[in-house]
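The values are calculated or read from the model by the stated rules, or taken from the named source; none is laboratory data. Computed from a prediction, not measured in an experiment: that's the story for all the values here. We place every Cβ from the backbone using ideal geometry, glycine too, and count neighbours over all the protein chains shown. Surface areas here come from the heavy atoms of the whole protein model, side chains and all, with no ligands, DNA or RNA. Shrake-Rupley method; radii C 1.70, N 1.55, O 1.52, S 1.80 Å.
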Amino acid sequence: MTGTRRIAFLGSPDFAVPSLRALADAGYDIVRVYCQPPKPAGRGHKEQPAPVHAEAESRGIEVATPERLSETAVQQAFKALELDAAVVVAYGKLLPPVFLHAPRLGCINVHASLLPRWRGAAPIQRALLAGDGETGVTIMQMDEGMDSGPILAQERLSIDNDTDAGTLHDSLADLGARTLVSTLGDYAEGRITPQPQPDHGVTYARKLAPEDRRIDWKRPAIAITRQARAFAPKPGATATLPDGETLKILRAEVTTSTAPAGTQPGTVLDASLFIVACGQGAVRLTRVQRSGKSPMDADSFLRGYPLKAGDVLS
């Protein structure tokens with residue numbers, strides 16, 4: 001790779017920042033960064049730039065935040081960059097054909113799954129919810145479909161019972177950045193031939209909705225532990241305490257405890273250990289968060305909110 005190769009970078013959230021840093025540190029000529037427009041945040045609702053926007057500005061890279069990529073002026077400005085390639089990492093907007101085909105090498109995407117599994121918006125959470133033992137990153141050449149383009153490279157990463165969405169997000173972001181830099185150089189030099197994705201094994205990681213976070217105690221214990229990990233540390237899987245307060249459940253583990261026949265799912269079986277009955281089996285809640293409070297271990301929570309056996313979480 002030579003430092004004169006012209007690329008644009010399209011990305012917005014924290015996940016994309018390591019890739020931008022890696023490309024800049026490798027000497028790529030990043031002529032423009034595209035991000036989602038700044039959004040109101042915090043108590044004062046002051047507009048805050050996306051994490052990639054802030055990183056690009058700190059490096060003196062030009063940033064564009066178009067509302068609509070369909071506008072003729074926006075598309076003409078992109079074509080006028082005369083790019084060798086565009087790198088797309090969690091940009092958050094669908095790219096029109098003009099964007100896909102303008103760069104000489106097309107648009108190269110970093111996706112947080114082993115495609116064709118978990119195409120779509122929430123591959124990290126969906127992998128955890130499904131209990132996958134492995135995930136990874138895919139570097140692909142984008143086409144007009146949803147994460148359906150030919151594969152340039154893949155790297156695998158194991159998922160264990162301690163992995164939550166936060167740790168997996170950071171591991172995949174770093175893995176994606178490393179894989180991107182090596183892959184882009186090899187592809188530009190003609191050492192990689194894009195491989196079509198297989199027709200079998202396709203799954204879709206649909207966008208997360210509020211109901212995905214709500215714990216249904218009628219489900220098996222193992223499913224509830226996965227749900228807690230899939231939404232930790234933020235925004236948290238949620239249950240409702242007996243007094244109606246919402247409780248975020250950030251960590252849970254399957255226990256050997258059993259509930260008497262006919263016990264309602266969600267019933268507290270052991271108040272000292274915070275063991276709760278499920279549709280199949282029971283879980284011990286080990287890390288939780290009350291509304292407006294910091295995350296805490298279960299012992300700390302129970303000292304401030306005494307539960308008793310027989311109480312029901314809804």
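Karplus-derived 3J(HN,Hα) values for the stretch 239-250, using 6.51 cos²θ - 1.76 cosθ + 1.60 with θ = phi - 60°, are 9, 10, 6, x, 8, x, 6, 7, 10, 7, 10, 9 Hz; glycine and proline are entered as x.
For M296, put the label point 7 Å out on the Cα→Cβ axis and report which residues of the stretch 235-254 keep their amide N under 11 Å from it. Zone members listed by number: none at all.
In this structure, D170 and L94 have a Cβ-Cβ separation that, at R0 = 22 Å, corresponds to a calculated FRET efficiency of about 0.25.
Derived scalar couplings between HN and Hα for the stretch 80-93 equal 5, 5, 6, 7, 7, 7, 10, 10, 10, 9, 6, 5, x, 10 Hz in order, rounded to whole Hz, by the Karplus curve 6.51 cos²θ - 1.76 cosθ + 1.60 (θ = phi - 60°), x for Gly and Pro.
Scaled against 2.2 N^0.38 Å for its residue count N, the alpha carbon radius of gyration of the stretch 246-291 is 1.11.
The base-10 log of I(q)/I(0) for the stretch 201-314, evaluated at q = 0.21, 0.22, 0.23, 0.24 Å⁻¹, reads -1.14, -1.25, -1.37, -1.49 [Debye formula, identical scatterers on Cα atoms, solvent excluded].
Phi angles of the stretch 12-21 translate, via the Karplus equation with coefficients 6.51, -1.76, 1.60 and θ = phi - 60°, into HN-Hα couplings of 9, x, 3, 4, 7, 4, x, 5, 4, 4 Hz per residue; Gly and Pro are given as x. For the stretch 111-181, a simple Cβ point-charge model (Lys and Arg +1, Asp and Glu -1, everything else neutral) yields a dipole of about 160 debye relative to the Cα centre. Proximity of backbone amide H atoms, modeled 1.01 Å from N, is registered between T238 and R214, I215, I249 at under 5 Å, excluding neighbours fewer than 5 places apart on the same chain.
Shown is the FRET efficiency for A54 and T256, computed with R0 = 41 Å from the Cβ-Cβ distance and rounded to the nearest 0.05: 0.30. Measuring only protein heavy atoms, the 1.4 Å probe finds L157 accessible over about 50 Å².
Please work out, to two decimal places, the log10 of the ratio I(q)/I(0) at q = 0.10, 0.14, 0.18, 0.22 Å⁻¹ from a Debye calculation in which every Cα of the stretch 55-176 carries one identical scatterer. Each listed q corresponds, in turn, to -0.36, -0.68, -1.00, -1.25. For the stretch 129-272, a simple Cβ point-charge model (Lys and Arg +1, Asp and Glu -1, everything else neutral) yields a dipole of about 380 debye relative to the Cα centre. Between D270 and E245, residue separation times 0.36 nm minus the direct Cα-Cα distance comes to 7.0 nm. Shape analysis of the chain yields a ratio of the Cα radius of gyration to the Kirkwood radius, Rg/Rh, of 1.06.
For the residues H101, H111, a 1.4 Å probe over the protein chains yields an accessible-area ranking, largest first, of H101, H111. Taking every protein chain into account, the 1.4 Å probe leaves S113 with about 0 Å² of accessible area, to the nearest ten. A straight line joining the Cα centroids of the stretch 253-282 and the stretch 196-210 runs 33 Å. Centroid-to-centroid, using Cα positions, the stretch 38-62 and the stretch 145-165 are 28 Å apart.
Here the relative contact order of the chain, from alpha carbon pairs under 8 Å that lie six or more residues apart, stands at 13 percent.
Heavy-atom accessible area for T193, with the other protein chains in place and a 1.4 Å probe, reaches approximately 100 Å². Judged by the mean number of other Cβ atoms found within 10 Å, the most tightly packed of the peptides 7-14, 233-240 leads the ranking 7-14, 233-240. Here the gap between H45 and D186, fully extended at 0.36 nm per residue and compared with their Cα-Cα distance, gives a gain of 46.4 nm.
Excluding residues fewer than 8 places away in the same chain, name every one of the lysines whose C-alpha is closer than 16 Å to that of K93. Answer for K93, where 16 Å is the Cα cut-off: K39, K207, listed by chain and number.
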